[in-house]
Amino acid sequence: MLRSLLLRNKMSDFGLVHRNISSLIQSKGFINGSWVDSSNRETFAVTNPANGKVIANVPNMTADDAEKAVAAAKKTLHAPEWADLTAKQRSILLKSWYSLIEQNREEIAKIMTAESGKPINESLGEVTYGNSFIEWFAEEARRIHGEVVPSPTPNRELIIMKQPLGVAALITPWNFPLAMITRKAGAALAAGCTVVIKPAEDTPLTALAITKLAVDAGIPSGVINVVTTNKAAPVGNVLCTSPDVAGISFTGSTEVGKLLYRNCADGVKRISLELGGNAPFIVFDSANLEKAVDGAIASKFRNCGQTCVSANRFFIQQGVYDKFIDLLKTKVAALKMGPGDESSVQIGPLINKAQFTKVSAFVDDAKKQNGTIIAGGKPRPDIGELFYEPTIVTDVKAPMKLYTDEVFGPVLSIIKFNSEEEAIAKANDTNRGLAGYFYSENVQQIFRVARKLEVGMIGINEGIISTAEAPFGGVKESGIGREGSHHGIDEYVEIKYLCLGNLKY
Ligand code: SIN
């Protein structure tokens, strides 16, 4: 069966399967190759944040369902149709999945926009970006190399092999409903793991749509399992404590990441965490200001600011401050806000009420502490309940929430500075360390600052830096481990050392 699938995929160049949005919308969970309801038959509604309308009802799965999903993944790990595949066969299956996602990119993007509110052009961009992880890891599957190490003693061979970690539980956020799954699942499947995915309750439909395509691509039953729920705690508890789960990969808030980390301690599970940031964006006097303003807009307003690597605090040097602010105000005023399915829209709604309340509260807190609103600063109920204007706040300082915490919304917080030392000290004055950005045309300064910023990723004269080829991850409380790049595979393999002794040469 698998052989013929692999052959068919190869022969037909993966076949052309176009679908409309409704045929890709699935309203069941997926365990052991079957589309299933929750064991207690409960469902929850997935709504469109632009207008509050229900798009679909999906199973509100339970701890029991999570256990079934883990059991299926565990059984399949050692099943001939997964464990015995060669790296090349896994690579072909992943390429087939990649190809089907590519062929259905518009339908997937429409589902993503409907459930996340993301402007349609950003959703299309995310399909391309997210799918690039499947393509990348399809290629990496064949390069999970071991080592033969020179032995210090005679008549021995020392061999290091890499084996699949086991069942990997992937807990993913709503802000990138596709890419955060494929960045994890691509690596896990390439390494030979099986997976249980718990997508965010706000955006399970994109996850289910790409799972449908994984089935069509011939990825065997039990390899990918999806548990949809809005009761994250009991399901998360199973994933953290089951002895059959070898590792957890989570992208989301630092608070939840810490909880999962604690819950995984007893089982000493492998854990990979991509958590929140508080990214500095520094514009030095030597910067090219046009580029810096474009980078600031791109970084801040990607997905309405609901991105872990979005710049959170903008430090602008005194000499270019006024000019930067003038340029910024003009460009922010030109941004078009509205429902994401209108192709000219650049800023959609916030994902849900909690997010909307948080953004409003952060801006109100800054106002109370003498922050100056120079653009926006208000909700837009005339467009929809969850829309908040692109906003610029100057005179931001500690202990304003906008300074100390990640706003995760369309708010640019501006801080004026004098010297390079001051900017670096303020940029590092946080327990987060995901991304950082700075603009400078001075090569001495570029290397000085790059070495000193306490973050895992830096954009230098660039506002958008994520790509499958590069390692994504943070330092301090922003996470553990790396995703993407050839390092991404490391989270899903065990290193095994073999010592062959008493050889006769
Ligand atoms: C995230 O916000 O968690 C991911 C953003 C990215 O991959 O660039």
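Structural remarks
- Anchor residue 68: lysines whose Cα lies under 16 Å away (excluding residues fewer than 8 positions away in-chain): 28, 198
- Applying the Karplus relation 6.51 cos²θ - 1.76 cosθ + 1.60 with θ = phi - 60° to segment 474-480 yields 3J(HN,Hα) values of x, 10, 6, 8, 8, x, 9 Hz, where x marks Gly and Pro.
- Cα centre as origin, Lys/Arg/Asp/Glu Cβ charges: the chain dipole, Debye: 680 debye
- 151, 221, 440 arranged by Cβ crowding within 10 Å, fewest neighbours leading: 151, 221, 440
- Principal-axis tilt of helix 105-116 within the chain, Cα atoms, nearest 10 degrees: 60 degrees
- Cα long-axis angle, helix 443-452 against the chain (0 to 90 degrees, to the nearest 10): 60 degrees
- Cβ-defined net charge surrounding residue 471, 13 Å radius [Lys, Arg +1; Asp, Glu -1]: -4
- The packing ranking, built from the mean of other Cβ atoms within 10 Å per residue, places the peptides 398-410, 163-175 in the order 163-175, 398-410, highest first.
- Paramagnetic reach from residue 505 (point 7 Å along Cα→Cβ, amide N under 20 Å) across segment 137-167: 147-161
- Charge sum, other residues only, whose C-beta stays under 12 Å from residue 50's C-beta, Lys/Arg counted +1 and Asp/Glu -1: -1
- Taking only the C-alpha atoms of the chain, Rg followed by Dmax gives 23.6, 83 Å.
- Each of 163, 174, 144 was placed along the dipole of segment 117-180 (beta-carbon charges, centred on the mean Cα), and the one lying farthest toward the positive end is 163.
- Summary of packing: across the peptides 66-77, 424-435, the per-residue average of other C-beta atoms within 10 Å ranks them, highest first, as 66-77, 424-435.
- Computed from Cα atoms, the angle from the helix 120-140 axis to the main principal axis of the chain rounds to 40 degrees.
- Electrostatic bookkeeping for residue 491 treats Lys and Arg as +1 and Asp and Glu as -1; over the other residues with beta carbon under 15 Å from its beta carbon, the sum is +1.
- Helical mean residue ellipticity (222 nm; -39500 (n - 2.57) per DSSP H run of 4+; nearest 500) of the chain: -11500 deg cm²/dmol
- Compared with the alpha-carbon gap, the fully stretched path from residue 57 to residue 352 is longer by 104.5 nm at 0.36 nm per residue.
- Counting only the Cα atoms, segment 279-466 fills a convex hull of 109 Å³ per residue.
A short reminder: the numbers here are calculations on the coordinates, not readings from a lab. On a predicted model such as this, the values are computed, not experimentally measured, just so you know. Positions of Cβ are backbone-derived with ideal geometry, glycine not excepted, and every protein chain shown enters the neighbour counts.
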